[in-house]
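Presented below is the structure to which this report refers.
The values are calculated or read from the model by the stated rules, or taken from the named source; none is laboratory data. Quantities reported herein were computed from a predicted structural model and do not represent experimental measurements. A quick note on method: Cβ atoms are made from the backbone with ideal geometry, for glycine too, and the neighbour counts reach across all protein chains shown.
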Amino acid sequence: MTSYTTKKGKTYWPSAEMKKIAWVKDENIYKQADKDPIGFWKKLAKEGIDWKASWKKTYEEKLPYFKWFKGGKLNFCNNCLDRHLKKSGNKIALIWIPEPVKEKTIKLTYKELYDKVCRFANVLKKQGVKKGDVVSIYLPMIPEALISMLACTRIGAIHSVVFSAFSADALKSRIEDGKSKLLITADGYYRKGKKEDLLTKAKEGAKATTIKKIIVVNRIGKKVSGDKFLDFNSEMKKADGKCDCKIMNSENILFVLYTSGTTGKPKGIIHDTGGYAVQAYWTTKWNFNLRKGDIMWCTADVGWITGHTYAFYGPLLNGSTTLIYEGSPDFPDPGRWWKIINENKVNVFYTAPTAIRMFMGADGKYVKKYKLDSLKILGTVGEPIDEDAWNWYLNKIGGGRCPIIDTWWQTETGGTLINALPGIGPFIPTVAGKSFPGTRHIVVDEKGKEVVVGKTGSLVQVSPFAPGMLHGVYNDDKKYKETYWKRFKDKYDTSDGAYVDKQGNIRVTGRTDDVMKVAGHRLSTAELENAIASDERVGECAVVPIPDKIKGQVPIAFVVLKQGGGSEALGKELVKHVDKKIGPTARPAKIYFVDDLPKTRSGKIMRRILKDVLIGEEPKGLMTLVNPKVVGVIKGIINKR
Ligand code: WT7
């Protein structure tokens, strides 16, 4: 059996075999990159990306702003498609697995994908979309998502993808923020064997906004009529198959993606073209040791940054094959994912700890049924992974062979930043690893001073900032400055806690702000509280996350009704209301109706106290409350159930 790792204590190291096949195997790369990070990225940028004109300055920093490859010219789509056509035009770029078992897998070669992207770029042009315009994309995991996104990048339009499980209201607020005139959506998709409606939400979300036209992919055979609507396929048929790439500046915006922060309103994270492309290319190549002939499957939905960078762009920039799957991991049974790996001989598999924990709970026979020996590298992302899940993943999925690359990063960072490299290691359960060569993260105290080894503090990134980093918050400069640059001035604030071990590996402990990770999905306390409080019967409410065995964290809501009281039926209605405001991913796991919430003299709700009560710990800081008695009452309510 091929062996890619060797074990020593709890630590795994790359085997001789892994060293043989790895792109990077010499740990001196870290030191070399550290000596001259800007020069390091300059070299990588030239080697990995096709530029139409070289830049004048590799890196410019005027904090809180910084630019990479300023003046460099390129087109992102050209880098994903055109440049591979000559040598690999007939190679498979995309494998798409529909959820219904009887439906055929679709495979698109680079040439075929190129043809579709050019056509769709012409469809966009026909609708008047120009360089710098925002196009909203509200699509499930189907090839048209990739086609639409690439078509935008081909003509210099900015895509703003909205997760298809988000609600009409969530879509609306994102459309309004980006002022997009065009929405690309589908009539629906398959989920757990059922047809899931998307069109109704899309219509509602687009109503009374800047959207002039809605292009609809026919996925579940719904009838669509009205002046506002265009059919994706008929437009494609009419369109020309030739479309030149719009040459862009490196620092032009490539896309906007909204993510939750500490306030009620999601932020539009801005990513530029050149820097993002460079980081996406190299992190995909080195972290996953991706070879041209490899098939990579990143299970993330395109609605999240992981879907953008590693399900779509990273593998294509590298000229490899990416696999995507439309549906539910356990449809028709919990063996579906392993069947897909088996049948398609997937080499690189990248998923979230929450999925691993879910499968750990399922019957082991489903994994055993399939051959997973095509796998070479396993990745995880989205939240800290516990040791049990790490070991299960290593042994049950990787057969003890494949290194586990635990990648730490954020929507804001565009690509991965902290992880072990497969040819260097070490691979230690729960430890992410070292900063990607050419980047540097340290752990600091409240004053921004680096703390000693082993001590937990705030994880920050120091200058020069990574090429894939965000370049602002769309329409909200103030938010950009306050969120990322206020606390530590010249250091990027990740809002994560972490510590460094003796070997210099970083262990990320989790968010330090009011952001939860629910099944790997990012959700803000304030956003969920706003959603619940917008029901007219609600007076006020507080949301706190508690640990959950499968999802990592789940939100619990404490609700004070204007009229007092509360019932199970009303609880259900409030859950429905959350579905409407944000989407089912944000559903509170439990709603407690209470008469009052613990508050300080200045009226601040003490969520920490609620959390202590929920997890059965003695709440601290009761002295600061104006209404300490309420804590006992809430305890009683929680323990009653
Ligand atoms: C937050 C960012 C980045 C892609 C998906 C999530 C947490 C992410 C890890 C990891 C521990 C992690 C952090 C981070 N996180 N990866 N390997 N170990 N925590 O992107 O939705 O922007 O969330 O996810 O708390 O800040 P995101």
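Observations, loosely collected:
- Matching entry among 179, 91, 104 (being on the phi > 0 side of the Ramachandran plot and modelled with pLDDT of 95 or more): 179
- Members of region 511-553 found to be within 16 Å of the ligand (Cβ to nearest atom) and of a type in the set (Val, Ile, Thr), listed by number: 512, 515, 518, 525
- Among residues of region 17-49, those that are under 23 Å from residue 431 (Cβ atoms) and among the aliphatic types (A, V, I, L, M), counted: 5
- Out of 633, 626, 613, one residue alone is of a type in the set (Val, Ile, Thr) and surrounded by 18 or more Cβ atoms within 10 Å (Cβ to Cβ). It is 613.
- Looking across region 381-406, the residues that are within 22 Å of residue 2 (Cβ to Cβ), within 15 Å of the ligand (Cβ to nearest atom) and of a type in the set (A, V, I, L, M) come down to 404, 405.
Residues are listed down the side, and each one gets a yes or a no for (1) assigned by TED's automatic domain parsing to the domain that holds residue 279; (2) among the polar types (S, T, N, Q); (3) at pLDDT 95 or above; (4) out of contact with any helix residue (DSSP H, G or I) (no Cβ under 7 Å at 6 or more places or on another chain):
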position	(1), (2), (3), (4)
352	yes, no, yes, yes
380	yes, yes, yes, no
386	yes, no, no, yes
402	yes, no, yes, yes
421	yes, no, yes, no
425	yes, no, yes, yes
432	yes, no, yes, yes
449	yes, no, yes, yes
456	yes, yes, yes, yes
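- Taking the criterion of being touching an Asp or Glu at 6+ places or on another chain (Cβ under 7 Å) and either in a strand (DSSP E or B) or more than 22 Å from residue 178 (Cα to Cα) (or both), the residues of region 192-225 that qualify are 215, 216, 217, 218, 219, 220, 222, 224.
- Filter pass, residue 333 being surrounded by fewer than 20 Cβ atoms within 10 Å (Cβ to Cβ), within 16 Å of the ligand (Cβ to nearest atom) and either within 26 Å of residue 112 (Cα to Cα) or not aromatic (Phe, Trp, Tyr) (or both): no
- Residue 234, sole failed condition from (1) out of contact with any Gly (no Cβ under 7 Å at 6 or more places or on another chain); (2) surrounded by 15 or more Cβ atoms within 10 Å (Cβ to Cβ); (3) among the small types (Gly, Ala, Ser): (2)
- Exactly one residue among 376, 339 is closer than 30 Å to residue 255 by Cβ, in contact with a Phe, Trp or Tyr (Cβ under 8 Å, 6 or more places away or on another chain), basic (Lys, Arg) and modelled with pLDDT of 95 or more, and that residue is 376.
- Among the residues of region 429-448, those identified as within 15 Å of the ligand (Cβ to nearest atom) and buried (at least 22 other Cβ atoms within 10 Å of the Cβ) are 431, 432, 433, 434, 435, 436, 439, 441, 443.
- Pick from region 357-373, criterion among the charged types (D, E, K, R) and either away from the ligand (no atom under 16 Å from the Cβ) or in contact with a Phe, Trp or Tyr (Cβ under 6 Å, 6 or more places away or on another chain) (or both), ranking: nearest to residue 309 (Cα to Cα): 373
- Test: residue in region 490-497 that is in the same structural domain as residue 165 (by TED's automatic domain parsing) and away from the ligand (no atom under 16 Å from the Cβ): yes
- Count of residues meeting criterion [hydroxyl-bearing (Ser, Thr, Tyr), within 14 Å of the ligand (Cβ to nearest atom) and surrounded by fewer than 24 Cβ atoms within 10 Å (Cβ to Cβ)] in region 284-325: 1
- Residue 422 meets the conditions (1) within 14 Å of the ligand (Cβ to nearest atom); (2) surrounded by 24 or more Cβ atoms within 10 Å (Cβ to Cβ) in every case but one. The failed one is (1).
- Scanning region 477-489 for residues being among the aromatic types (Phe, Trp, Tyr) and within 14 Å of the ligand (Cβ to nearest atom) gives a total of 1.
- Residue among 276, 281, 189 that alone is within 16 Å of the ligand (Cβ to nearest atom), surrounded by 16 or more Cβ atoms within 10 Å (Cβ to Cβ) and touching a residue at least 12 places away in the same chain (Cβ under 8 Å): 276
- Any hit, region 513-526, residues being within 27 Å of residue 282 (Cβ to Cβ) and more than 19 Å from the chain's Cα centre (by Cα): no
- Within region 19-33, being more than 28 Å from the chain's Cα centre (by Cα) and of a type in the set (A, V, I, L, M, F, W, C) holds for one residue alone: 21.
- Hits in region 498-510 (condition: near the ligand (Cβ under 9 Å from one of its atoms) and surrounded by fewer than 19 Cβ atoms within 10 Å (Cβ to Cβ)): 509, 510
- Hits in region 226-262 - residues which are in a loop (DSSP other than H, G, I, E, B), within 19 Å of the chain's Cα centre (by Cα) and either closer than 22 Å to residue 161 by Cβ or more than 16 Å from the ligand (Cβ to nearest atom) (or both): 260, 261
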